[in-house]
Each structure stands twice: as C-alpha cells, then as structure tokens.
1. With a cut-off of 8 Å between alpha carbons and a minimum separation of six or more residues, what is the relative contact order of the chain in percent?
2. Quick one: length gained pulling residue 134 to residue 114 fully straight, 0.36 nm per residue minus the C-alpha distance?
3. Which far-off residues, 5 or more places away or on another chain, put their amide H under 5 Å from the one on residue 17, with H placed in the peptide plane?
4. Please report 105, 99, 76 as a ranked list, fewest other C-beta atoms within 10 angstrom at the top and most at the bottom.
5. What share of the DSSP beta bridges in the chain is antiparallel, in percent to the nearest 5?
6. Applying the Karplus parametrisation 6.51 cos²θ - 1.76 cosθ + 1.60 with θ = phi - 60° to the phi angles of the stretch 23-36, what ³J(HN,Hα) value in whole Hz is obtained for each residue in order, glycine and proline being reported as x?
7. In 5 Å bins starting at 0, how do the alpha-carbon pair distances of the chain split up by percent?
8. Mind listing the long-range amide H neighbours of residue 128? Cut-off is under 5 Å, sequence gap 5 or more, other chains count too, H placed in the peptide plane at 1.01 Å from N.
Amino acid sequence: MRHAEAADGSSDFTRPLTEAGRRQARERGSQLADYGFQLALVSDAARARETFENLRITVPEVTFDKEIYFGSHETIIDMMRGLPESTHDVLIIGHEPTISHTAAILGSSSPRVHEVRVGVPTATAIILELDGWSGPGDIVDVLRS
C-alpha cells in the first residue's frame with residue numbers, strides 16, 4: 001500500500017498526513033479490515049506511520065522500518081523472502097515508486113499489472129496473491145479512492 005496524502009514540508013521523512021490523507025487512510029482501512037493481516041511492515045517515515053495508525057485495523061505484529069523508506073523493490077522482496085513460512089497475510093505500507101514497482105514485478109503476469117506499472121495514487125492498496133514470498137503472483141484487486 002502507498003501511504004496516504006502527505007503535507008508539503010522541508011523534511012521529506014517527517015511530512016505528516018493532511019486531513020484528506022487521514023480520511024483516505026480511514027476509508028482504506030474499512031476496505032482492508034477483513035483481510036486478517038498477521039504482520040504489517042511499515043516505512044518509518046511519518047506519513048507511513050500515520051497512514052497505518054489511521055487505517056484503524058488490528059494487526060498482531062507491526063514493524064516500522066527505515067529500509068522501506070530508503071530501499072527499492074529489491075529491499076521489499078528481500079524482506080518478504082525473510083518472512084517465516086507460517087506468515088501468510090502481510091500489509092506493507094511504503095512509498096512510490098517502490099510500492100507499484102514491487103507489485104508490478106511480483107504480479108508481472110497478472111492481467112491487472114497495467115493498473116500499477118506506471119505508479120499509483122496515494123492511499124492505493126494493491127492486493128496480491130503470491131505463490132511464495134518472491135512470486136510470481138496475481139494482482140487480485142487495486143483499492144484506490
């Protein structure tokens with residue numbers, strides 16, 4: 001998922017969500033509530049943290065990680081490969097172009113890949129079903145405002 005709309009600011013890492021961004025996150029949270037995520041991997045940037053908080057969903061384990069902010073699609077895929085086999089449903093909140101690029105790679109053979117290949121708007125959640133954490137997989141839904 002890409003973080004919700006953020007305010008302008010001099011420090012990219014500390015930019016908070018706008019009021020519209022908080023609304024976007026709450027709306028997306030209502031759509032994601034029934035997915036039963038076991039784990040959330042969230043960028044440590046303020047706007048990603050606030051997006052997760054405003055989703056208002058329960059996730060048993062949450063990790064805030066600067067690598068999601070600084071890393072690339074390879075970083076995300078490596079994090080996924082390192083997950084225990086018993087972990088099946090993971091929410092990742094990050095940034096563009098990393099989120100859409102990761103989804104496009106993992107869902108490269110999906111008929112819906114065109115929906116994410118060139119980027120996604122704020123607060124977009126891309127739902128993937130994967131055959132193992134490194135793909136390949138299918139893009140089963142793209143939730144956006």
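Here, each number is a calculation from the coordinates, and none is a lab measurement. Note that this is a predicted model, so its numbers are computed, not measured. Please note: Cβ atoms are built from the backbone with ideal geometry, for glycine as well, and neighbour counts cover all protein chains shown.
1. 26 percent
2. 5.2 nm is the gain from fully extending residue 134 to residue 114.
3. 7
4. Numbers: 105 19, 99 25, 76 22.
Ascending number of Cβ neighbours within 10 Å: 105, 76, 99.
5. That works out to approximately 40 percent antiparallel.
6. Coupling constants for the stretch 23-36: 5, 4, 5, 4, 4, 5, x, 5, 7, 9, 4, 8, 6, x Hz.
7. The distribution over the chain is 2, 11, 21, 25, 23, 13, 4, 1, 0, given as percents.
8. The answer is 140.
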